[in-house]
Structure formats: C-alpha cells, structure tokens
Amino acid sequence: MFITFEGIDGSGKSTQARMLAETLRDQGHDVVLTREPGGSPGAEEIRALVLQGDPDRWSAETEILLFTAARRDHLERTILPALAAGKIVICDRFADSTRMYQGLSRGDLRGLVDQLHTLMIGREPDLTLLIDMDPAVGLSRAKSRNTVEERFEDFGQALQDQMRRGFLALAKEFSTRFQLVDGAHSPEDVAKDVLQRVQQQLQGQRQ
Ligand code: ADP
Ligand code: TYD
C-alpha cells in the first residue's frame with residue numbers, strides 16, 4: 001500500500017508520517033518511510049536546489065521539471081521496489097504537492113503538471129491523508145523550525161491560504177483516495193484519526 005501525507009507547511013505531516021510508521025511497524029508491517037522532494041540520493045540533491053535560496057530562484061515551469069525529475073528518481077529507486085517487495089510505503093508529500101505548489105501558485109499551470117505526471121510518473125497513491133490546518137498556525141509552526149529550507153515558507157501567508165483552499169478542492173476532485181484529517185489537535189489525537197483511516201484502507205485492500 002502506498003500512503004501519502006499532504007497539506008500546507010507546518011500542518012504536522014512529518015510528525016504524523018513518523019508516528020504512523022512506528023505504529024504500523026509495531027503491528028508487524030514492513031514499512032518504508034520516505035519524503036519528497038527527496039527520498040533517494042539523487043532526489044535529495046535536487047531537494048537542496050528547490051528548497052534553498054531566493055523565492056524567485058526558479059520559475060514555476062522550471063520547478064515543475066525539477067520536482068518531477070526528483071520524483072521519477074525516487075519512484076524508480078525507492079517507492080516501486082518497496083511496493084514490489086510487498087512493503088507499505090509512507091511518503092511525506094508526493095505529486096499532489098506539485099499540483100498545488102507549482103500548478104496553482106504562479107498562474108494556472110495545473111494542465112502542464114498533469115501532463116508531465118502522466119508522461120513521467122503515472123502512479124497515484126492508494127490513500128492520501130490531507131492534514132487540514134489554519135494557515136497562520138501552520139506557517140508559525142513551520143517558521144519556528146528555523147531551517148535553511150524556507151524558500152516556500154518565504155512566499156508568505158497568502159501562498160499558505162491559497163494552498164489550503166487548493167488542497168481542499170483536490171480532496172474533492174480525488175475523493176476516492178483522499179481522507180481529510182483535522183490537524184488542530186494534539187499529535188496523539190491526530191495520530192489516532194490517521195490510524196483509523198489507514199486501518200480501514202488496509203481492511204478494504206484485504207477483501
Ligand atoms: P510538516 O511536515 O507538515 O511541515 P511537522 O510535522 O514538521 O509539519 O510539524 C511542524 C512543527 O509543528 C514541528 O515543530 C512539530 O513538532 C509541531 N507539531 C506537529 N504536530 C503538532 C500538533 N498536532 N500540535 C502542535 N504542534 C505540532
Ligand atoms: P517539506 O519538506 O514537506 O516542507 P514542510 O515540512 O514545511 O511541509 O516540503 C518543502 C516545500 O516543498 C514545501 O513548502 C512545499 C514544497 N513542494 C513543492 O513546491 N512541490 C512539490 O512537489 C513538493 C513535493 C514540495
């Protein structure tokens with residue numbers, strides 16, 4: 001099973017992905033926990049190019065190519081081999097992030113994102129957990145981490161607002177694989193909600 005976490009910066013995706021991986025491992029599942037951009041050595045190199053530096057370092061079009069190149073490498077070297085070996089793959093962000101961040105933030109480039117996805121990736125998750133969160137809270141949580149990877153956070157609150165609305169619309173568009181999770185609770189409570197949705201999906205796949 002291929003599970004992805006999506007949502008705005010600071011919504012708690014990495015925390016929840018980690019907690020879910022631990023719980024599923026405790027239950028005896030073989031789990032690969034990974035992330036985008038990154039998740040393979042080559043894709044981690046591309047990560048530094050896209051997440052560091054000035055917000056206007058790349059155009060939206062160039063970013064689509066860079067994120068898709070990173071994803072292709074990640075898919076070939078990490079995700080597909082793990083799925084073929086029967087493992088559960090948990091990925092912190094995937095193609096839905098490109099649909100939002102590159103597809104919406106600087107003009108309507110969603111068509112281009114989808115075309116390149118069809119050509120080069122062609123794989124959707126079995127389950128996508130969208131952690132929904134007030135953009136102001138998300139941004140302050142994200143900023144408090146104080147890393148060098150703040151290029152997207154530096155686009156500011158307006159981008160976060162737009163991304164939240166976009167993700168909620170995307171959840172309706174892909175309603176069969178999306179599950180909406182309220183991120184405004186303690187990490188433990190959010191994790192319970194997440195686990196319930198994952199267990200439903202696992203049961204569904206066994207039947
Ligand atoms: P994301 O991966 O979505 O950017 P993180 O999991 O890295 O989010 O969380 C961002 C920050 O908020 C981290 O400092 C994390 O410890 C904190 N955090 C995560 N989940 C919660 C929560 N449910 N309540 C309060 N703080 C949280
Ligand atoms: P991430 O490390 O998940 O950041 P955060 O923990 O703050 O959510 O992702 C870093 C940034 O990369 C995030 O602001 C969104 C952006 N991003 C894209 O713009 N397009 C993509 O395809 C992906 C995967 C991420």
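Coordinate-derived values only; no laboratory data. Since this is a predicted model, take the numbers as computed values, not measurements. In this analysis, Cβ positions are derived from the backbone assuming ideal geometry, glycine residues included, and neighbour counts consider all displayed protein chains.
Straight-line reach from Lys172: which lysines have Cα under 27 Å away, leaving out those fewer than 8 places along the same chain? The reachable lysines, counting only those whose Cα sits under 27 Å from Lys172, are Lys13, Lys192. Aspartates and glutamates within cross-link reach of Lys143: Cα-Cα under 17 Å, excluding same-chain residues under 8 positions apart? The qualifying aspartates and glutamates are Asp9, Asp54, Asp134, Glu153, Asp154, Asp161.
Relative contact order for the chain: 32 percent, from Cα pairs under 8 Å spaced at least 6 residues apart, divided by residue count. I need Asp132, Asp26, Asp96, Asp161 ordered by Cβ neighbour count within 10 Å, fewest first. Going from sparsest to densest Cβ surroundings: Asp26, Asp161, Asp132, Asp96. Residues within the reach of a label modelled at Leu119 (point 7 angstrom out along Cα to beta-carbon, backbone nitrogen below 17 Å), restricted to the stretch 35-61, are 60-61. Three principal axis extents of the stretch 64-109 based on alpha-carbon atoms, in descending order, are 40, 17, 11 Å. Note on the chain: Cα-Cα pairs beyond 27 Å make up 26% of the total pair count.
Available extension along the chain between Asp30 and Arg145 is 38.4 nm, counting 0.36 nm per residue and deducting the alpha carbon span. Annotation: amide H-H contacts under 5 Å for Arg35 (H modelled 1.01 Å from N, sequence separation of 5 or more, or interchain): Asp92. Computed packing ranks the peptides 139-152, 72-85 as 72-85, 139-152, most packed first, by mean other Cβ atoms within 10 Å. When shorter helices are ignored and each DSSP H run of at least 4 residues is given -39500 (n - 2.57), the per-residue value for the chain at 222 nm works out to -17000 deg cm²/dmol.
Taking θ as phi - 60° and the Karplus parameters 6.51, -1.76 and 1.60, the scalar couplings of the stretch 100-108 work out to 7, 5, 8, x, 10, 6, 10, x, 8 Hz in sequence order, x denoting glycine and proline. Extension gain, Ser14 to Gln205: 0.36 nm times the residue separation minus the Cα-Cα distance gives 66.3 nm. In terms of packing, defined here as the mean over residues of other Cβ atoms within 10 angstrom, the peptides 47-56, 28-37 line up highest first as 28-37, 47-56. Computed over the stretch 1-123, the quotient of the alpha carbon radius of gyration and 2.2 N^0.38 Å is 1.07.
Estimated at 0.36 nm per residue, the fully extended path between Thr62 and Asp108 surpasses their Cα-Cα distance by 15.1 nm. Given q = 0.13, 0.23, 0.24 Å⁻¹, what are the Debye log10 I(q)/I(0) values for the stretch 135-207, with equal point scatterers placed on the Cα positions and solvent ignored? After summing over all Cα pairs, the log10 values are -0.55, -1.11, -1.13.
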